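Q: Here it is: the structure, laid out below.
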Amino acid sequence: MPLTSYIVALGSNRRGRHGSPRREVAAALAAIGGVRTASRIHETPPLGPSIRRFANAVAWIESDETPEALLRRLKAIERAFGRRRGQRWGARVIDLDIVLWSGGCWRGRDLTVPHRQYRDRRFVLAPLAEIAPNWRDPVTHRKTLPLLHAVDRRRPCA
């Protein structure tokens, strides 16, 4: 497969062998390889039942892997970092998700690209806007910044 670009979301809210969640995200960036650029690491509130804040980032990587091959490699990195399947939205050492692909859409048994919920997740869109504000969603054809602004408008005021 020719070289293509991917947007990968990274998140951690539990210490691991590399240290704090921020260090886990930084170590995962190094383990992924092919990083063209990466956002800064954002601290964000948890979704669901977890009480620990997350360290989140987004990386633009280049790879000759198919989306399914990249997914297998990302899952192997998660396992090497100590990630174990468990409670949805629970604490995790590292979470690596393929969010977007320069090839557009992909649907396989274990993977759908673009990620189904990324348009509703500020913790993905804000870092993504730092590194790829003009990347178009292949489904809605909207750029990253308008997607981020739409999420911000839906958030209730405190």
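The values are calculated or read from the model by the stated rules, or taken from the named source; none is laboratory data. This structure is a prediction, so every number in the text was calculated from the model and none was measured. Note: ideal-geometry Cβ built from the backbone for every residue, glycine included; neighbour counts use all protein chains shown. The accessibility values were calculated without ligands, DNA or RNA, using every heavy atom of the protein model including side chains. Shrake-Rupley method; radii C 1.70, N 1.55, O 1.52, S 1.80 Å.
Q: Looking only at residues in region 16-65 that are touching a residue at least 12 places away in the same chain (Cβ under 8 Å) and β-branched (Val, Ile, Thr), which one is surrounded by the fewest Cβ atoms within 10 Å (Cβ to Cβ)? Walk me through it before giving the result.
A: Filtering region 16-65 down to residues touching a residue at least 12 places away in the same chain (Cβ under 8 Å) leaves 16-18, 20-22, 24-29, 31-44, 46-50, 52-65.
Add one more test, that the residue is β-branched (Val, Ile, Thr), and what stays is 25, 32, 35, 37, 41, 44, 58, 61.
Working: VAL25: 24, ILE32: 20, VAL35: 13, THR37: 11, ILE41: 22, THR44: 18, VAL58: 30, ILE61: 20.
Ranking the qualifying residues of region 16-65, first place goes to THR37.
Q: Here is a follow-up. Return the pair list, or none, for Cβ contacts closer than 7 Å from residues in region 99-110 that are touching a residue at least 40 places away in the same chain (Cβ under 8 Å) to residues that are surrounded by fewer than 12 Cβ atoms within 10 Å (Cβ to Cβ), at least 6 apart or on different chains.
A: Sorted first by the residue in region 99-110, then by its partner, the list stays empty.
Q: Right, something else. Out of region 12-47, which residues are assigned to a strand (DSSP E or B) and small (Gly, Ala, Ser)?
A: Pass one, region 12-47, residues assigned to a strand (DSSP E or B): 12, 16, 19, 35-38, 42-44.
Answer for region 12-47, where residues must be assigned to a strand (DSSP E or B) and small (Gly, Ala, Ser): SER12, GLY16, GLY19, ALA38.
Q: Moving on to the next point. Going by the conditions given, is ALA9 part of a strand (DSSP E or B), surrounded by 19 or more Cβ atoms within 10 Å (Cβ to Cβ) and touching a Leu at 6+ places or on another chain (Cβ under 7 Å)? Give the steps one after another, and end with the answer.
A: Details: part of a strand (DSSP E or B): yes; surrounded by 19 or more Cβ atoms within 10 Å (Cβ to Cβ): yes; touching a Leu at 6+ places or on another chain (Cβ under 7 Å): no.
For ALA9, the condition - part of a strand (DSSP E or B), surrounded by 19 or more Cβ atoms within 10 Å (Cβ to Cβ) and touching a Leu at 6+ places or on another chain (Cβ under 7 Å) - is not met.
Q: Can you find a residue in region 68-86 that is in contact with a helix residue (DSSP H, G or I) (Cβ under 7 Å, 6 or more places away or on another chain) and farther than 30 Å from LYS143 by Cβ?
A: Yes; the residues of region 68-86 include at least one that is in contact with a helix residue (DSSP H, G or I) (Cβ under 7 Å, 6 or more places away or on another chain) and farther than 30 Å from LYS143 by Cβ.
Q: Find all pairs meeting these conditions: Cβ atoms under 6 angstrom apart; at least six residues apart or on different chains; first residue within region 123-138 and over 10 Å from ILE7 (Cβ atoms) and open to solvent by less than 10 Å² (accessible area, probe 1.4 Å); second residue assigned to a helix (DSSP H, G or I) and not acidic (Asp, Glu).
A: Every condition considered, the pairs that remain are LEU125/LEU147; LEU125/LEU148; LEU125/VAL151.
Q: Moving on to the next point. Going by what's in this entry, would ARG116 be described as basic (Lys, Arg) and in contact with a Gly (Cβ under 8 Å, 6 or more places away or on another chain)?
A: Answer is no for this residue.
Q: Continuing with the same structure: Here are some residues: VAL58, VAL151, VAL99. Which one is out of contact with any strand residue (DSSP E or B) (no Cβ under 6 Å at 6 or more places or on another chain) and among the β-branched types (Val, Ile, Thr)?
A: After ruling out the rest, the residue left standing is VAL151.
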